[in-house]
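Read through the structure below, which is laid out as structure tokens, and then see the notes.
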Amino acid sequence: MTTEAPAVTAPLPEKKKRFGRKDIGHNERIHRRWGLFFISPWILGFLLFFFAPMLASLVFSFLEFDLIRPEDARFIGLENYERWFRDPLVWESLLVTLKFGVILLPVSLLLPLAFAWLLTAKNLYMKAIFRTLFFVPAIVPFVSVVFIWNGFLNSQTGWLNQALETVGIAGPDWLNSTVWIYPALALIAAWGVGNAMLLFIAGIQGIPVELYESADVDGASAWRKFRSITVPMISPVLFYNLVLVIIFLFQYFLVPFVLKNGTGDPANATLFYSLYFFKTAFTFNDMGYGATLAWMLFVIIMFVTLIIFGTARYWVYYEFEEA
């Protein structure tokens, strides 16, 4: 009895897939199309109002371009960037920005952290009310805030100097002194630390209670618990706020512009880099060099931010990060 060998059937050819794409179903394709449809306003807005102006400013940085006479624009290559390195006002404005940053960083990081630590204490009553009171100033329009502080810090009629005089202290000329203008700006900046405070409060409340209980068993002091538990556990929040403060510092514009009408007084002590860029582009109508100032600011912020990200692995602790 002979048996026939089973017929060998050739394997069915695999369905070719497009490179880099999965074989998705009909419903998923519909969902993706609807998703693109709903985010298309944002995409169009980004292309028209962000990407296109950025690309245009990059082109302008290689031109000699006057807003008053746009028809006379001409290509000059890297001359604007060479001018940037030779411009003394660039380095003066960067120095002004860094001098203010020495005061701004502690005010914008340590002050809200201290508030958050106090407002998460167990024996503090009416926490919600105090948190609201500390946060409300952050939502007040900042132009109004600048006008309020302008009157408050007035050397002749300001409430602060009058309060100092009642205890026998002669108040300084806050807004017209090249030395006291930076503490005055720091006081104004302290008005808006409510956002950072809320982030620190959320970070502190997310710390496991077991860590503090173990520290209590070991007899750790409040300062030791803050230094060894609280700060490492909220280091991602601290890192996030640090990056925001650095970006805010290099883009610091509204307060000196409103406070001194964009003049940079006293003696260029408020001529911050962003203010110098604004005056160059929109006061002196030198849009080509103004675009160069803007792109060099982008490079500076990117460089400093990359340094911070590069050092983050040495001091930022993530609880669930794999070793």
Output the number of the condition that PRO172 fails; it satisfies all remaining conditions of (1) part of a loop (DSSP other than H, G, I, E, B); (2) modelled with pLDDT under 90; (3) open to solvent by less than 50 Å² (accessible area, probe 1.4 Å). (2)
Checked GLY203, GLY194, GLY262 against criteria (on the phi > 0 side of the Ramachandran plot and either modelled with pLDDT under 90 or open to solvent by less than 60 Å² (accessible area, probe 1.4 Å) (or both)); the one match is GLY262
Selection from the stretch 95-118 of residues hydrophobic (A, V, I, L, M, F, W, C), over 23 Å from GLY194 (Cα atoms) and open to solvent by 20 Å² or more (accessible area, probe 1.4 Å) yields LEU95, LEU98
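Yes/no per residue for (1) within 19 Å of ALA186 (Cα to Cα); (2) open to solvent by 40 Å² or more (accessible area, probe 1.4 Å):
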position: TRP223; (1), (2): no, yes
position: ARG227; (1), (2): no, yes
position: VAL237; (1), (2): no, no
position: TYR252; (1), (2): yes, no
position: TYR276; (1), (2): no, no
position: GLY290; (1), (2): no, no
position: ALA294; (1), (2): no, no
Just to verify a result, which residue in the stretch 119-168, among those that are under 30 Å from ASN261 (Cα atoms) and part of a loop (DSSP other than H, G, I, E, B), is most open to solvent (accessible area, probe 1.4 Å)? GLN156
Would you pick out the residues in the stretch 64-90 that are part of a helix (DSSP H, G or I) and surrounded by 13 or more Cβ atoms within 10 Å (Cβ to Cβ)? GLU79, ASN80, TYR81, ARG83, TRP84, LEU89, VAL90
Picking from THR270, THR263, which residue would you name as being free of Cβ contacts under 8 Å to residues at least 12 places away in the same chain, assigned to a loop (DSSP other than H, G, I, E, B) and within 16 Å of LEU89 (Cβ to Cβ)? THR263
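The values are calculated or read from the model by the stated rules, or taken from the named source; none is laboratory data. Quantities reported herein were computed from a predicted structural model and do not represent experimental measurements. Don't worry about glycine lacking a Cβ; one is built from the backbone with ideal geometry, like all the others, and counts go over all protein chains shown. Each accessible area value is taken on the protein alone, full model and side chains, heavy atoms only, with ligands, DNA and RNA left out. Shrake-Rupley method; radii C 1.70, N 1.55, O 1.52, S 1.80 Å.
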